[in-house]
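A.B. asks: Structure provided below as structure tokens; questions to follow.
We did not get these values from a lab; they are worked out from the coordinates using the rules stated. Owing to the predicted nature of the structure, the values given are computational and were not obtained by experimental measurement. Every residue, glycine among them, receives a Cβ derived from its backbone with ideal geometry; neighbour counts consider all protein chains shown.
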Amino acid sequence: MAKLVHQPLEDEEFDFILRMSGAPVLAYFSGTWPKAIEACRAMDLIMGRIAEEYEGRLTAVKADITRCPAATKRYGVTGAPSFVLLREGEVAARGAGPMPLTEFQEFLDPYV
């Protein structure tokens, strides 16, 4: 995963990143259980590319569902991979499941 993707270890760190970002935040919720791990690994590569391409216009955050349970609950995340795009702290868009890069760009472009 690119260094441009923040990886908080707990909810407090996740919330700190949200507060400090001056740009929209793309929160990527990942999981490490067997049914989620393959799809999440595929999305790790996409997230790295997105973070590089949208640098300065977007803050990318990868949150492990088990390490950030309050954020997971707050945003209604029920599976992994899931994505929540936040603008000024409010949910602007949601997505779930693995997506190819071009589809992910189409998901983001109206908001970033």
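A.B. asks: Given a Förster distance of 22 angstrom, what is the FRET efficiency for ARG41 paired with ARG94, based on the Cβ-Cβ distance and rounded to 0.05?
C.D. replies: Efficiency for this residue pair is about 0.55.
A.B. asks: Counting other Cβ atoms within 10 Å, keep those with at most 12, restrict to DSSP loop, and tell me which GluC sites (Glu not before Pro) in the stretch 1-50 are left. Intermediate values should be presented prior to the final figure.
C.D. replies: On the way: sites: GLU10, GLU12, GLU13, GLU38; in loops: GLU10.
Taking the stretch 1-50 and a limit of 12 other Cβ atoms within 10 Å, no loop GluC sites (Glu not before Pro) are found.
A.B. asks: Going 7 Å from the Cα of ASP109 toward and past its Cβ, which residues in the stretch 35-51 have a backbone nitrogen under 19 Å from where you end up?
C.D. replies: Answer for this model: 46-51.
A.B. asks: OK, next. Based on Cα positions only, what radius of gyration and what Dmax would you give for the chain, in angstroms?
C.D. replies: Cα-based Rg and Dmax for the chain come out at 12.4, 35 Å.
A.B. asks: Along the Cα→Cβ direction, 7 angstrom out, place labels at ARG57 and THR32. What is the inter-label distance in nm?
C.D. replies: According to this spin-label approximation, the distance is 3.4 nm.
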